[in-house]
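Scroll down for the structure; my scribbles are underneath it.
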Amino acid sequence: MDVLSLIGLVLAFVAIVGGNFLEGGHVSALLNGPAALIVLGGTLGAVLLQTPMAVFMRAMSIVSWILFPPRIDMARGISLVTGWSATARKEGLLGLEPIAETEPDPYARKGLQLLVDGAEPEVIRSILEVDLYTQETRDLRAAKVFESMGGYSPTVGIIGAVMGLIHVMGNLADPSQLGSGIAVAFVATIYGVAFANLLVLPMGNKLKSVVQKHTAYREMLLEGVLSIAEGENPRSIEMKLQGFID
């Protein structure tokens, strides 16, 4: 679990609720169903309108990365590549075939299979780079779905505020109706701004950082596979790939 994400999420909302309490407010004052419906429904509707189905489904499938990001161990990856290099040096490239058949990472498996097939380094690079950039683009587009939510929700919150004020103006003669209208007006604005800045924008940025780590790991694998194809010494490969560790 990404502990920092959990701490940040809890701290942000505790700060808002706690600050409201210290100012003499009540939690119930921040709870408003119509305002939540306007902000959440309007934001989701706008995002669904602009987003292709495949991108939206990918965004939903990787949202768990916020708290449970895939484990990316660069040092272990370098150790694996170095081991592949040693095997290829002792047994030839065909010695990598059993390793390729049991490799769980599809990207690494494809690279190993290309080595076993005797592909030229230029061919290996072109094939693996297409895979790398395609996956990176796909995941970055998914992360931007949450950035889009962060762009729309404050504006939808303002719409909710205007609707609440319209309700207030239409009931000036009935003081009993003024309170609910004013509540929707101000709470909708809070929901819109808080939803954007405390939740979906940080989520989008967190997902982009995870995607960048994935990309760096695949770039390391690509360089390692190319070095094996070019017959470099395992020790030289290890020293080269150490540069990917930040």
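Some points to look at:
- Taking the criterion of being loosely packed, with under 15 Cβ neighbours inside 10 Å and among the charged types (D, E, K, R), the residues of the range 113-133 that qualify are Asp117, Glu120, Glu122, Glu129.
- Flag set for Thr43, criterion: out of contact with any Lys or Arg (no Cβ under 6 Å at 6 or more places or on another chain), more than 27 Å from Gly243 (Cβ to Cβ) and touching a residue at least 60 places away in the same chain (Cβ under 8 Å).
- When Tyr107 is tested against the conditions (1) farther than 16 Å from Gly231 by Cβ; (2) free of Cβ contacts under 8 Å to residues at least 24 places away in the same chain; (3) among the hydroxyl-bearing types (Ser, Thr, Tyr), the lone failure is (2).
- Elements of type helices (runs of 4 or more DSSP H) contained in the range 5-112, each with 3 or more residues being surrounded by 14 or more Cβ atoms within 10 Å (Cβ to Cβ) and more than 30 Å from the chain's Cα centre (by Cα): 74-91
- So Ala119, is it under 30 Å from Asn233 (Cα atoms) and more than 24 Å from the chain's Cα centre (by Cα): yes
Read-outs throughout are calculated quantities, based only on the coordinates presented, and are distinct from any laboratory measurement. The model shown is predicted, which means the values in this text are computed figures rather than measured ones. Cβ: placed from backbone, ideal geometry, glycine included. Neighbour counts: every protein chain shown.
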